[in-house]
Every structure is written in structure tokens, then in C-alpha cells.
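The values are calculated or read from the model by the stated rules, or taken from the named source; none is laboratory data. Quick caveat, the model's predicted, so the values are computed rather than measured. Neighbour counts run over all protein chains shown; Cβ positions are idealised from the backbone, glycine included. Accessible surface areas use protein heavy atoms only, side chains included; no ligands, DNA or RNA. Shrake-Rupley method; radii C 1.70, N 1.55, O 1.52, S 1.80 Å.
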Amino acid sequence: MFALILGAVLFAAGLILQWLQIPVAPMAVFVAAYLILGWRVLFTAGKNLVKGHVFDENFLMSIATLGAFVIGEFPEAVGVMLFYRVGEYF
């Protein structure tokens with residue numbers, strides 16, 4: 001629960017910093033929020049990939065959010081991971 005709240009706060013801070021047009025700070029905040037929110041999903045996806053379970057929800061979430069990072073949509077990647085974790089919590 002703590003990681004979920006901290007990730008949400010960092011996500012909001014990143015959006016505010018992006019709105020203020022501060023050059024590098026939003027990206028660093030979004031990466032920190034993503035790692036806090038998504039480390040378990042990424043770890044589980046990697047573990048399942050080694051076991052041969054390729055197309056599970058963790059793998060698909062990892063590919064979707066990492067793809068968003070690659071195209072430069074940092075808020076989208078963190079937002080998707082945040083909402084996924086909220087859904088898991090419920």
C-alpha cells in the first residue's frame with residue numbers, strides 16, 4: 001500500500017513538473033515512480049519468461065509500459081502501471 005501511495009504521489013509530482021516545463025526533472029520522477037510501482041510486475045514477468053510462461057498479464061504490462069517509455073510517453077507508462085496496481089489492490 002505504501003508503494004502504491006508513493007508511486008501515485010511521484011506520478012502527480014512528475015505531471016506538475018512536466019506542466020511547469022522543467023527539462024529533466026519530470027523524466028527522473030517518472031522513472032522513480034515507475035520503478036516503485038512496477039518492480040514487482042517486471043520481476044514476475046522476467047521470472048515467468050524464464051519458466052516459459054510468455055503471455056501472462058505481467059509480461060504484457062511490462063511490454064506495454066516499456067514501449068511507452070521507448071516512445072517518450074513517460075506519464076502514460078507510469079499511469080498505466082499505477083492503474084494496474086490499483087486494480088490489483090482491489
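Under the condition of being open to solvent by less than 30 Å² (accessible area, probe 1.4 Å) and of a type in the set (V, I, T), the residues counted in the range 62-74 number 1.
Let's see how each residue does on (1) within 11 Å of the chain's Cα centre (by Cα); (2) within 24 Å of M1 (Cα to Cα); (3) surrounded by fewer than 16 Cβ atoms within 10 Å (Cβ to Cβ); (4) not β-branched (V, I, T):
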position: K47; (1), (2), (3), (4): no, yes, yes, yes
position: F55; (1), (2), (3), (4): no, no, yes, yes
position: L60; (1), (2), (3), (4): no, yes, yes, yes
position: E76; (1), (2), (3), (4): yes, yes, no, yes
position: Y84; (1), (2), (3), (4): yes, yes, no, yes
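In the range 56-81, the residues that are acidic (D, E) reach residues that are part of a helix (DSSP H, G or I) and open to solvent by 20 Å² or more (accessible area, probe 1.4 Å) with C-beta atoms within less than 6 angstrom, at least six apart or across chains, in these pairs: D56/N48.
Mind listing just one residue for me: the one in the range 15-29 that is surrounded by 14 or more Cβ atoms within 10 Å (Cβ to Cβ) and not aliphatic (A, V, I, L, M) and, of those, nearest to V78 (Cα to Cα)? Across the range 15-29, the extreme among qualifying residues is P26.
Consider F30 carefully, then state whether it is within 21 Å of F83 (Cα to Cα), of a type outside the set (V, I, T) and in contact with a Phe, Trp or Tyr (Cβ under 9 Å, 6 or more places away or on another chain). When the stated conditions are applied, F30 passes them.
Might you let me know whether the range 19-28 holds any residue that is under 23 Å from E88 (Cα atoms), assigned to a helix (DSSP H, G or I), in contact with a helix residue (DSSP H, G or I) (Cβ under 7 Å, 6 or more places away or on another chain) and of a type outside the set (D, E)? No, that holds for no residue. For the range 1-14, a tally of residues being assigned to a helix (DSSP H, G or I) and either open to solvent by 70 Å² or more (accessible area, probe 1.4 Å) or of a type outside the set (A, V, I, L, M) (or both) returns 6. Please verify whether V41 is in contact with a helix residue (DSSP H, G or I) (Cβ under 7 Å, 6 or more places away or on another chain), without any contact (Cβ under 8 Å) to a residue 60 or more places away in the chain and β-branched (V, I, T), treating the condition exactly as stated. It is true that V41 is in contact with a helix residue (DSSP H, G or I) (Cβ under 7 Å, 6 or more places away or on another chain), without any contact (Cβ under 8 Å) to a residue 60 or more places away in the chain and β-branched (V, I, T). In the set (1) assigned to a helix (DSSP H, G or I); (2) over 13 Å from the mean Cα position of the chain (by Cα), the condition left unmet by A68 is number (2).
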